[in-house]
Amino acid sequence: MNFLAHLHLASLADSSLLGNLMADYVRGNPHNEWPEAVAEGILHHRRIDMMTDSLPEVRAAREFFRAETRRVSPITLDVIWDHFLSRNWDNLVPEISLPDFLAQVKTVIEPELAATPERFQTLNRYLWTDRWMEKYADADYLQAVLRGMASRRPRLAALEDSWQDFIDNYQRFNDFFWQFYPVMMEKASRKAL
């Protein structure tokens, strides 16, 4: 899962939005430096990542990447799942539009940013202003996202090429998303993640 899915599932589970969004920027035991709710949000994010990575649908989706991009497939899949969530938001979350949901989330997170890691603050400057999570609905936008990730992390240069795997297997990835994401939503609502 990427930014949007983590925020959506956190909202369903009444988990800290800040903790869930910031989790990839925090190492070690979050209880050592964060308030209880934020620490629990970080752990919630980590549990979702572990659970998602072990799902049979996600493991099967990795097989649709070429040999040269399979190593980065977990990262690409995280972005792909956000694409399908953004694209299908109105069907999955009819009670609130995506822009309104994101505006609400931003009002919760923004006041807390000064106390967060600098790299996370930098992310937030672009995440909201450039409306990344809304733009994820456009499959072509993911090409720029993956290219940007590849350029910032040379070890992960294959991310740029993985966009082609996404496009070539678009319908299969869409089917995998619909097989597991509604189940994740239901578990989040029951606080079973």
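What follows is calculated from the coordinates using simple rules that are stated; it is not laboratory data. Quick caveat, the model's predicted, so the values are computed rather than measured. Neighbour counts are summed over all protein chains in view; Cβ atoms, including those assigned to glycine, are modelled from backbone coordinates with ideal geometry.
Rounded to the nearest 20, the size of the Cβ-charge dipole of region 4-58 about its Cα centre is 60 debye, with Lys and Arg at +1 and Asp and Glu at -1.
In straight-distance terms, cross-link reach from Lys135 covers every one of the lysines whose alpha-carbon lies under 28 Å from its own, apart from those fewer than eight places away in the same chain; here that gives Lys106, Lys187. Of the trypsin sites (Lys or Arg not before Pro) found in region 87-193, those in coil by DSSP whose Cβ has at most 15 other Cβ atoms within 10 Å are Arg131, Arg190, Lys191. Taking Cα atoms only, the orientation of helix 98-109 departs from the longest principal axis of the chain by about 40 degrees. Look at where the Cα atoms of region 125-155 and of region 168-193 average out, and the two centres are 21 Å apart. For region 1-71, what class follows from the C-alpha gyration tensor (a ≥ b ≥ c being the square roots of its eigenvalues): rounded when a/c is under 1.5, otherwise prolate if a/b is larger than b/c, else oblate? It comes out prolate by the Cα gyration axes. Neighbour counting of Cβ atoms within 10 Å sorts the residues Met50, Met1, fewest neighbours leading, into Met50, Met1.
Relative contact order for region 3-189: what is it in percent, counting Cα pairs under 8 Å that are at least 6 residues apart?
The normalised contact order for region 3-189 reaches 28 percent.
Averaging the sequence gap over all C-alpha pairs within less than 8 Å and six or more residues apart, then dividing by the number of residues, gives region 25-111 a relative contact order of 11 percent. The P(r) of the chain has a tail past 25 Å containing 33 percent of all C-alpha pairs. What is the angle, in °, between the Cα long axis of helix 73-87 and the longest principal axis of the Cα atoms in the chain? Nearest 10 is fine, range 0 to 90. Here the helix axis deviates by roughly 70 degrees. Couplings 3J(HN,Hα) of region 149-158, computed from phi: 5, 5, 6, 7, 9, x, 4, 10, 4, 5 Hz, in residue order, whole Hz [Karplus 6.51 cos²θ - 1.76 cosθ + 1.60, θ = phi - 60°; x for Gly and Pro].
Less than 5 angstrom separates the built amide H of Ser16 from those of Gly41, all sequence-distant by 5 or more or on a different chain.
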